[in-house]
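Below is one structure, written out as structure tokens; comments come after it.
The values are calculated or read from the model by the stated rules, or taken from the named source; none is laboratory data. Not measured: the values here are computed from a predicted model. We place every Cβ from the backbone using ideal geometry, glycine too, and count neighbours over all the protein chains shown.
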Ligand SMILES: Nc1nc2c(c(=O)[nH]1)N[C@H]1C(S)=C(S)[C@@H](COP(=O)(O)OP(=O)(O)OC[C@H]3O[C@@H](n4cnc5c(=O)[nH]c(N)nc54)[C@H](O)[C@@H]3O)O[C@H]1N2
Ligand SMILES: Nc1nc2c(c(=O)[nH]1)N[C@H]1C(S)=C(S)[C@@H](COP(=O)(O)OP(=O)(O)OC[C@H]3O[C@@H](n4cnc5c(=O)[nH]c(N)nc54)[C@H](O)[C@@H]3O)O[C@H]1N2
Ligand SMILES: [Mo]
């Protein structure tokens with residue numbers, strides 16, 4: 001736990017990528033995998049005959065694949081999975097639950113791959129090995145003993161393949177519940193809600209090719225240099241042909257300043273490229289104010305809008321215009337923290353744009369008014385008519401590599417009646433129609449004793465969820481908690497009365513079933529479905545694939561034999577083809593190199609599937625934060641060395657924070673004005689409806705961040721995020737706007 005004693009602070013970087021990205025990636029790859037394994041594995045990432053990178057969901061360039069299509073953080077994600085280290089039954093014999101609970105996430109993840117199914121009997125301190133058969137029997141006994149199927153919760157993280165996800169939701173619905181919360185509830189749920197309401201399709205409307213035609217790209221609330229590094233290559237290509245790039249972010253993230261392509265560092269083009277032509281350091285949650293400012297100054301220009309488009313395809317424009325015109329500049333400037341002149345300058349760039357793409361991620365989706373944030377982005381796109389034409393549209397940049405595909409396959413607590421009807425028809429049963437629990441509701445249900453079995457297909461529920469203490473109590477209330485996992489994590493040590501760990505194959509590994517080697521499929525952030533085939537020897541002979549694990553559940557719990565489906569995943573794909581729109585002839589089409597694109601009514605036909613057939617302008621009040629003088633608004637971020645709750649290392653290289661994570665980034669003037677000093681250690685205290693939550697011992701780091709705003713790292717500060725604080729309309733925890741104060745130590 002004393003990892004932070006060596007904390008070092010230096011200046012934030014000016015250029016992302018470059019040689020340091022290559023060396024950093026190779027260092028981790030070699031240390032985890034050894035040189036030969038590293039080289040042969042990295043050559044297969046995102047190749048047409050290779051496996052999908054388990055990193056982010058950014059698409060692969062179709063015709064431009066270089067021999068090595070990977071990035072620094074993709075390489076780290078691969079090394080994390082392909083490590084040679086192992087967590088065996090012997091390890092669990094040596095380590096008690098209590099001893100494990102004292103270790104950091106970094107340490108837990110660093111132990112290596114899980115090798116055997118493990119069982120924690122009630123009242124004991126050590127996991128012990130269990131056969132797969134007995135593990136399934138135990139789950140069946142607990143599930144069948146429930147008073148109602150709705151007392152069980154089935155969580156999914158976004159790495160699960162389409163084939164596994166489809167079978168999993170089928171199993172859960174045949175068992176009798178829609179309790180299918182997923183990581184998306186904490187991630188892009190707000191985007192799905194906002195886009196469905198306004199343009200009638202919950203997914204982004206651009207393809208990778210559109211980036212070649214855009215004349216302006218807005219990157220708002222996203223840090224691609226760390227979280228979607230391959231996107232920087234796309235931005236670089238755009239910047240080189242003169243496309244304007246606007247960054248809206250409280251931080252001037254290195255990844256948006258300049259980029260040097262790791263694969264070009266040795267070549268002629270090896271010079272770094274300036275990316276963002278404009279940067280607006282908006283205050284945390286100041287985006288509605290800022291976007292309304294942009295709309296307001298657009299409205300004052302002649303030909304500010306595409307009136308023909310607005311008239312033909314939209315509704316609600318008059319109310320939107322009237323509301324914008326009466327909004328005062330004073331309030332816009334105060335709440336956004338950006339001068340009127342700067343807003344007008346960027347509005348001119350937007351007014352000149354004939355093809356605008358807006359990209360966003362967690363900086364917009366994890367606020368109280370997150371849905372409004374995204375609806376204001378839609379307003380901006382509608383004003384210029386930026387839908388249904390090349391180089392323009394909405395681009396929510398997804399997180400987990402198959403989070404979008406999991407939803408498409410039916411992992412959702414609020415399935416549509418049409419989906420349920422198709423599923424019921426194909427498998428001849430009546431799926432439950434009542435909505436299930438999302439993530440926040442699932443935590444509450446377990447805490448209140450309404451849910452008693454928790455099953456997780458991947459992920460790290462306790463560390464990813466808000467309100468760590470509350471969520472821990474919720475899980476501890478359960479009779480049984482089960483985790484299908486590749487690596488050890490905190491969710492394995494915060495358990496119900498009994499617990500199981502079921503170890504599974506990862507993306508990089510060979511999956512051999514009765515009819516030979518199998519591949520799976522995934523859907524990227526832009527709706528392209530393609531195959532993924534692992535090549536490495538599995539980490540242990542006792543691992544099962546995720547589809548095989550679901551089939552094991554179906555046999556033990558439902559008495560159904562799904563062996564036929566598992567023998568050959570094409571048979572699962574055949575069933576998917578009959579249920580999910582857009583997947584017709586799935587087994588044949590998935591064979592195409594590069595996969596196939598799912599239909600998108602807005603992009604393909606300019607068709608808005610809303611109740612009126614029109615896209616909707618919407619009106620939102622500017623949120624007005626009135627913080628007490630000693631309070632700050634806090635956002636929780638990812639460092640450059642982590643994948644969500646998986647910590648690869650202790651450096652946040654681009655931000656110049658090295659060898660430690662318990663830091664709080666504060667504006668230098670705020671540090672002085674409020675009587676603190678740089679490098680001082682403080683406790684962070686959250687104040688939500690009079691409740692106090694505390695995170696101890698964080699070092700103050702002076703950083704260029706708007707006044708009144710602070711930043712810390714996720715998941716260390718999840719203890720401060722109240723479970724009852726979530727976005728209106730999407731119930732996404734407000735991980736990017738928490739009110740906290742500092743408590744000086746002794
Ligand atoms: N290497 C790596 N890759 C990843 C992940 C990872 O952990 N590591 N996670 C994956 C997942 S699941 C996801 S969802 C994505 C996450 O990708 P991001 O959304 O890029 O991740 P965050 O670190 O949450 O960064 C949010 C960004 O929004 C900014 N921001 C915060 N609050 C506001 C605000 O109020 N307004 C504006 N305009 N900006 C704000 C922050 O300064 C930061 O730059 O990345 C995916 N890819
Ligand atoms: N404060 C705060 N909280 C947040 C966020 C934030 O920005 N701030 N971001 C939120 C977001 S965007 C997300 S997406 C969630 C992430 O929530 P989760 O998806 O639940 O968390 P991860 O850390 O991605 O899960 C990591 C674990 O997944 C397992 N795993 C890895 N690969 C596989 C695989 O192939 N199969 C299986 N079965 N298991 C595998 C490993 O055991 C690993 O320990 O966290 C959310 N929580
Ligand atoms: Mo995410």
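Structure summary
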quantity: Residue pairs meeting the criteria (Cβ under 6 Å; at least 6 apart or on separate chains; first touching a residue at least 40 places away in the same chain (Cβ under 8 Å) and on the phi > 0 side of the Ramachandran plot, in the range 331-350; second surrounded by 22 or more Cβ atoms within 10 Å (Cβ to Cβ) and assigned to a loop (DSSP other than H, G, I, E, B)); calculated: 337/286
quantity: Residue under evaluation residue 549, criteria (1) more than 26 Å from the chain's Cα centre (by Cα); (2) surrounded by 23 or more Cβ atoms within 10 Å (Cβ to Cβ), criterion not met; calculated: (1)
quantity: Residue in the range 606-625 that is in contact (Cβ under 8 Å) with a residue 60 or more places away in the chain, touching a helix residue (DSSP H, G or I) at 6+ places or on another chain (Cβ under 6 Å), under 22 Å from residue 504 (Cα atoms) and assigned to a loop (DSSP other than H, G, I, E, B) present; calculated: no
quantity: Residue 120 vs. criteria more than 19 Å from residue 565 (Cα to Cα), surrounded by 24 or more Cβ atoms within 10 Å (Cβ to Cβ), away from ligand 3 (no atom under 16 Å from the Cβ) and modelled with pLDDT of 95 or more; calculated: yes
quantity: Enumerated helices (runs of 4 or more DSSP H) restricted to the range 1-94, each holding at least 3 residues that are more than 26 Å from the chain's Cα centre (by Cα) and modelled with pLDDT under 80; calculated: 35-42
quantity: Of all residues in the range 614-629 being at pLDDT below 95 and more than 27 Å from the chain's Cα centre (by Cα), the one that is nearest to ligand 2 (Cβ to nearest atom); calculated: 627
quantity: Qualifying helices (runs of 4 or more DSSP H) (wholly inside the range 550-602; at least 2 residues being in contact with a strand residue (DSSP E or B) (Cβ under 6 Å, 6 or more places away or on another chain)); calculated: 563-567
quantity: Single residue of 660, 746 found to be more than 16 Å from ligand 1 (Cβ to nearest atom), surrounded by 18 or more Cβ atoms within 10 Å (Cβ to Cβ) and not in a strand (DSSP E or B); calculated: 660
quantity: Test for residue 611: is it modelled with pLDDT of 95 or more and within 16 Å of ligand 2 (Cβ to nearest atom); calculated: no
quantity: Qualifying strands (runs of 3 or more DSSP E) (wholly inside the range 210-302; at least 2 residues being buried (at least 24 other Cβ atoms within 10 Å of the Cβ) and within 14 Å of ligand 1 (Cβ to nearest atom)); calculated: 216-220, 244-248
quantity: Any hit, the range 71-94, residues being buried (at least 23 other Cβ atoms within 10 Å of the Cβ) and closer than 18 Å to residue 499 by Cβ; calculated: yes
